[in-house]
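Any read-out appearing in this document is the output of simple, stated calculations on the displayed coordinates, not a laboratory observation. Everything quoted here is computed from the prediction, not taken from an experiment. Neighbour counts run over all protein chains shown; Cβ positions are idealised from the backbone, glycine included.
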Amino acid sequence: MRKTITIAPSILSADFRNLERQIKLVERGDADWIHLDVMDGHFVPNLTFGPMIVKAIRRLTNLPLDTHLMISNPEMYIEDFQRAGSDRLIVHIETCVHLHRTIQRIKKLGMSTGVTLNPSTPAVSLKEILPYIDLVLVMTVNPGFGGQQFIRSMIKKIREVSEMISKVNPKIYLEVDGGVEESNAAELVRAGATVLVAGHSIFSKKNIPQAIRRLRTAAFR
Ligand code: DX5
Ligand code: ZN
């Protein structure tokens, strides 16, 4: 049987003049989750949005909100994002001194947990936290901006993380984020990715639902 793949459009590249319409188009394309990129201008050199916009998006859709926190001290905002309606909080391993504690607090509030790694952070740094989380996100660009070029050497890291996951807890999602498009989707899935985040390659297209369906088809080519 063909393995299923989860598609999570990143609204970072959406047209914010009419988010409601953009989200309806994503739903029409049968996207599985919506990926929300929260940036603080400190951990990454860009600013986006916080819980207020997450709350507004929560009112527009029932799709799971996959919330990627590119912020320093993420533990300060866990309750805010839970109240805003995030289904999952993904924290950067580089921002968490007490990662295990942060993960426990996210879980305790009923949210799903994810840990992500910058391109220069090695896969082995996940070893101790893997038994406690629901998702690993391998960044395939340096976080901060949409529309960047995919870093090819990350394929090897995806393979490595995939092997670690299959040994510890095969139920963990392996998500990839940055420069994902039709031309590399199949290679990413073969390396072990089970969730594809895509911003530019979906929202830059005229037909957004079709772009999502094409990405899903391309993942198995
Ligand atoms: C990058 C963000 C990504 C970004 C991906 O810092 O974490 O989620 O939106 O965008 P694309 O698919 O355009 O590379
Ligand atoms: Zn992201």
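Summary table
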{"quantity": "Electrostatic dipole magnitude of the stretch 78-174 [Cβ: Lys, Arg +1; Asp, Glu -1; Cα centre; debye, to 20]", "calculated": "200"}
{"quantity": "Sorted peptide list for 94-105, 21-32, criterion being average Cβ within 10 angstrom, highest first", "calculated": "21-32, 94-105"}
{"quantity": "Selection from Leu19, Leu215, Pro119, by position along the positive dipole direction of the chain (Cβ)", "calculated": "Leu215"}
{"quantity": "Cβ charges +1 (Lys, Arg) and -1 (Asp, Glu), total dipole of the stretch 1-159, debye", "calculated": "380"}
{"quantity": "Rg and Dmax of the chain, Cα atoms only, in Å", "calculated": "16.0, 45"}
{"quantity": "Cα-centre dipole for the stretch 53-101 with unit charges at Cβ (Lys and Arg positive, Asp and Glu negative), debye to 20", "calculated": "220"}
{"quantity": "Under-5 Å amide H pairs with Leu36, H placed in peptide plane, nonlocal only", "calculated": "Asp66, Thr67, His68"}
{"quantity": "Positive-end extreme of charge dipole, the stretch 100-190 - chosen from Ala185, Ile106, Gly147 (charges on Cβ)", "calculated": "Ile106"}
{"quantity": "Long pairs among Lys24/Lys156; Lys55/Lys167; Lys157/Lys206; Lys55/Lys108, criterion Cα-Cα beyond 28 Å", "calculated": "Lys24/Lys156; Lys55/Lys167; Lys157/Lys206"}
{"quantity": "Amide H within-cut-off set for Ala198, under 5 Å, with H built and near neighbours excluded", "calculated": "Ala8, Ser10"}
{"quantity": "In order through the stretch 144-151: 3J(HN,Hα) via Karplus (6.51 cos²θ - 1.76 cosθ + 1.60), integer Hz, x for Gly, Pro", "calculated": "x, 9, x, x, 8, 7, 4, 8"}
{"quantity": "Rounded Å value of the spacing that divides the Cα centres of the stretch 120-181 and the stretch 36-86", "calculated": "20"}
